[in-house]
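Report on the following structure.
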Amino acid sequence: EPEVTQTPSHQVTQMGQEVILRCVPISNHLYFYWYRQILGQKVEFLVSFYNNEISEKSEIFDDQFSVERPDGSNFTLKIRSTKLEDSAMYFCASQPIHNSPLHFGNGTRLTVT
Amino acid sequence: DAKTTQPPSMDCAEGRAANLPCNHSTISGNEYVYWYRQIHSQGPQYIIHGLKNNETNEMASLIITEDRKSSTLILPHATLRDTAVYYCIVRVPHRGSTLGRLYFGRGTQLTVWP
């Protein structure tokens, strides 16, 4: 069964550094998402992306965050200048058509020191 | 933002049915109820969804009350691998868009014991 894959599984970075989290959504899916989960807390929506543009973003998704689908297969989340509070699991998800279930990857654990 | 209410924890004996309740009393007519689960910090895994009819798939059954204000997820023969946090989610449309974000609450921690 096709799945969403995320790399790396664990990323450690220093405060102030830029990080790029990578996702390969399921082929032929059209809608893409990033969510995050701080340790012990809820899964939180960050951003949705469709037709090469952001459809919706949450209050968390400020100017430090950006998303891109550079080559038709990868979907990336960039954090420009990481902060300690950005430490979390970041989950990518994709969806074939609207109102269908989201398929999540197994996440990237980001640790900012 | 909470649109659903679930008990924080439940347990179930292996091989027995697990019935996980969810209240969504403010649900609108066009909002679907989705169930996901999360096993030990892995990515959320889709289980089932429905609008107003009961649904069944290879993983579970979903029973939605006639007034749509509550639902129950049924795992007919729970196994140890079903131990997870189960989330009941009402999909909220965004400005008429059908994309809509998923609001994950705290969910129900289901523990299946041998």
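The values are calculated or read from the model by the stated rules, or taken from the named source; none is laboratory data. As the structure is a prediction and not an experimental result, all values here were calculated from the model. Here the Cβ positions follow ideal geometry from the backbone for every residue, glycine too, while neighbour counts run over all protein chains shown.
Overview of values
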{"read-out": "Failed item in (1) in contact with a Phe, Trp or Tyr (Cβ under 7 Å, 6 or more places away or on another chain); (2) within 11 Å of chain B (Cβ to nearest Cβ), with A:Leu21 passing the rest", "value": "(2)"}
{"read-out": "Matching residues in the stretch A:68-113 - criterion: being assigned to a strand (DSSP E or B), within 18 Å of A:Thr5 (Cβ to Cβ), within 14 Å of another protein chain (Cβ to nearest Cβ) and not basic (Lys, Arg)", "value": "A:Met89, A:Tyr90, A:Phe91, A:Cys92, A:Ala93, A:Ser94, A:Gln95, A:His103, A:Phe104, A:Thr108, A:Leu110"}
{"read-out": "Residue tally, condition farther than 20 Å from A:Gln95 by Cα and within 12 Å of another protein chain (Cβ to nearest Cβ), over the stretch B:21-54", "value": "3"}
{"read-out": "Within the stretch B:1-48, tally of residues that are touching a helix residue (DSSP H, G or I) at 6+ places or on another chain (Cβ under 9 Å) and either in a loop (DSSP other than H, G, I, E, B) or modelled with pLDDT under 95 (or both)", "value": "2"}
{"read-out": "Test: residue in the stretch A:28-44 that is under 26 Å from B:Gly50 (Cα atoms) and either more than 12 Å from chain B (Cβ to nearest Cβ) or loosely packed, with under 13 Cβ neighbours inside 10 Å (or both)", "value": "yes"}
